[in-house]
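The values are calculated or read from the model by the stated rules, or taken from the named source; none is laboratory data. What you see is a predicted model, and the numbers here were worked out from it, not measured in a lab. Positions of Cβ are generated from backbone atoms using ideal geometry, with glycine treated the same way; all protein chains shown enter the neighbour counts.
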Amino acid sequence: MATLRGRRIATMAKLKKHFYCKECGAESPKWLGKCPSCSAWNTMIEDLVLPSSESQTAGNWKEYGSMQLATRPVPIDELSSLPVKRMNTGDVEFDAGLGGGLVAGSVTLLTGQPGIGKSTLMLQIALGASSDKVLYVSGEESPEQLKLRANRIGGSGKKCYILPETRVSAILATAVQLETGLLIVDSVQTLYAEDVDSAPGSIAQIRATAFQLIRFAKESGTPVILIGHINKEGEIAGPKLLEHMVDTVVHFEGEKQYAYRMLRVLKNRFGSTDALCLYEMQDDGLHGISNPSEFLLSQHEGPLSGSAIAATVEGNRPLLIEMQALVGAPVYGTPQRVANGFDQRRMAMLLAVLEKRCGFPLAQKDVFLNVAGGLRVADPATDLAVVAAVISSLEDKALHRQVCFAAEIGLSGELRAVTRIDARIQEAARIGFKAICISKYNARGLRPGKNTINVVGISSVDELYATLFEKFR
Ligand code: TYD
Ligand code: MG
C-alpha cells in the first residue's frame, strides 16, 4: 500500500501533457488542427499522461495479490436497502423533476446557454433549500452582484453563504469548515486545481476539479450542484466525461426573448430521465408553472385562422401547445419556409405531403410556422396540428377552438399512432377540450366509454379536411 501510494505521489510530480483526438483517440505530443489518423478537424484535446514506465508497472496485477484491502466485496443480498435521503430544494418544480429532491451525496450538473437563468435558479435554491447551511460559490460574479440578484428574487437568506473563489481546495476547505448541507458551484469552467498545470476551463482542470468535488460529495454525503456552460454546438463545454462522472444532468433551455424556460432532466441515477419543469422568468426571478397547458393557451379567445392546438408530450408531461401557421402569396420570387420552434425539414416534408396527397397548392406559397410561447417541440405527434394549422391558414377558415390534435404523419399521408395517447387525451379533457383528433390506429386501442371527450380516429390526411370543416363547425 505504502509503495503504491509513494509511486502515485512520484508520478503526480512527473505528469506530462499530451493531446488526443476526441473522435478516434489518436495521440499526439503536440496540438494539431487536423487529426492525422481520422482526418477530423479541431478534435485534438489536451490531456495529462502517465510516463510509460510508471503506467506499465502500475498495471502489473500480480503485485496486487498481497495488497491489504480496506473494503471487501459484499454479496448483493446482504446489502441493506436504505431509502435514499433527499433534500427539499424549496423549488417544487425542480424537486419533482429530480424525482423528489436532491439525493444526499449526489452531484448534479446544470447546463444551459449563457443568460438563460442558471445562476438565478441556483441562487433561488440556495435561498430556499431546507438545509441548515448552503454554500454558494461563485467564480463568475462578485458578492455585490449576487446580493443585488438576491434582492430581486426576495426571500430571506440567513442560511445562504456566498464565497467568491475559484480554487477547488479553498472551496472544499470552506465547505468542510462551514459544515454546509448543500454546495453550489457557479461554474465548473472557472474552477482551478493548483496541482494541475493548465488554465481554468481546460479539459484537464475541469476533470481534476470535478473529480475532487465528486469525491467530497460521495464521502461527506453533501449534495453538490455544478453549473456548466455549453458551447455553440449546444454541448457541455469540457469533456463529455463530465456528464458520465455526475449523477444527474439537467439542462435549462428556452428562447431568451421569451419568458418561458424549460428544465429537462437528461440523466438521473435516482429517478426518471424524461422529467420536464417549466418556468417563467419574471422581474423577481423564476416562477415554476404548475399548469402549463392553461398558461400556454390563454393568450386569445376569438377564433383565428392558422391556429391549431397540439396535444404533445414533452419529457414526461402532456402539454397542449398552440401551433400557428401563416400561408400567403410569396413576397419575393422564391417562396419562403420559416419555422420557429419546429424542425424546418419536418415542416418541408409535411408541406410536400399536403401538396402531393391532398393537392393543396403550397409549392408557390410562403409558409411561416410558429410554436406559441417560444417553445421548441420535437414530439412527432405535433405533425397533425401543424398540418391542420397550415390548411386553416391556406383556406383562411378558423378551426373549432375546442378541438386538438395528436398524430404523426407518414410520407404517404397516413396518420401514425403516437405514444402516451391516454395521457394526451386526459390532458385535453382536463383543459376542457370537446374533441381530439388522433390516428385511427391509436383510437382502436382505446377502451370505449372511458374518455370524457370525443375521440376522433382518422386514417389519412385526405380525411382531415372533412373532419376540420364539416364535422366540427
Ligand atoms: P442568469 O441567471 O445570470 O443566467 P446564466 O447564469 O444562465 O448566465 O440570468 C440572467 C438573465 O435573467 C438576465 O438577462 C436578467 C434576467 N433576470 C430576470 O429577468 N429576472 C430576475 O429576477 C433575474 C434575477 C434575472
Ligand atoms: Mg451565471
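Among residues of the range 91-118 being in a loop (DSSP other than H, G, I, E, B) and away from ligand 1 (no atom under 16 Å from the Cβ), the one that is nearest to residue 151 (Cα to Cα) is 101.
Per-residue answers, yes or no, for (1) within 18 Å of residue 341 (Cα to Cα); (2) in contact (Cβ under 8 Å) with a residue 60 or more places away in the chain:
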residue	(1), (2)
374	yes, yes
384	yes, yes
393	no, yes
398	no, yes
419	no, yes
436	no, yes
443	no, no
446	no, no
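Those strands (runs of 3 or more DSSP E) of the range 119-229 in which at least 3 residues are buried (at least 19 other Cβ atoms within 10 Å of the Cβ) and either within 15 Å of ligand 1 (Cβ to nearest atom) or on the phi > 0 side of the Ramachandran plot (or both), considering only elements entirely within it, cover 134-138, 182-186, 224-229.
Residue-by-condition table, conditions (1) buried (at least 19 other Cβ atoms within 10 Å of the Cβ); (2) in the same structural domain as residue 314 (by TED's automatic domain parsing); (3) closer than 25 Å to residue 470 by Cβ:
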{"residue": "337", "(1), (2), (3)": "no, yes, no"}
{"residue": "348", "(1), (2), (3)": "no, yes, no"}
{"residue": "361", "(1), (2), (3)": "no, yes, yes"}
{"residue": "366", "(1), (2), (3)": "no, yes, no"}
{"residue": "374", "(1), (2), (3)": "no, yes, no"}
{"residue": "385", "(1), (2), (3)": "yes, yes, yes"}
{"residue": "389", "(1), (2), (3)": "yes, yes, yes"}
{"residue": "425", "(1), (2), (3)": "yes, yes, yes"}
{"residue": "439", "(1), (2), (3)": "yes, yes, yes"}
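Only one of the numbered conditions (1) modelled with pLDDT under 90; (2) touching a Gly at 6+ places or on another chain (Cβ under 9 Å) is violated by residue 224, and that is (1). Summed over the range 398-430, residues that are touching a helix residue (DSSP H, G or I) at 6+ places or on another chain (Cβ under 6 Å) and more than 15 Å from residue 455 (Cβ to Cβ) total 4.
Taking the numbered list (1) more than 16 Å from ligand 1 (Cβ to nearest atom); (2) on the phi > 0 side of the Ramachandran plot; (3) small (Gly, Ala, Ser) in turn, residue 254 passes all entries but (1). Of all residues in the range 135-153, none are more than 27 Å from residue 217 (Cα to Cα), more than 16 Å from ligand 2 (Cβ to nearest atom) and modelled with pLDDT under 90.
Applying the selection to the range 111-134, what residues are within 14 Å of ligand 2 (Cβ to nearest atom) and among the hydroxyl-bearing types (Ser, Thr, Tyr)? Write out each step before concluding.
Pass one, the range 111-134, residues within 14 Å of ligand 2 (Cβ to nearest atom): 111-126.
If the condition is that a residue be within 14 Å of ligand 2 (Cβ to nearest atom) and among the hydroxyl-bearing types (Ser, Thr, Tyr), then 111, 119, 120 are the ones that fit.
Might you let me know whether the range 86-100 holds any residue that is out of contact with any helix residue (DSSP H, G or I) (no Cβ under 6 Å at 6 or more places or on another chain) and hydroxyl-bearing (Ser, Thr, Tyr)? Within the range 86-100, not a single residue is out of contact with any helix residue (DSSP H, G or I) (no Cβ under 6 Å at 6 or more places or on another chain) and hydroxyl-bearing (Ser, Thr, Tyr).
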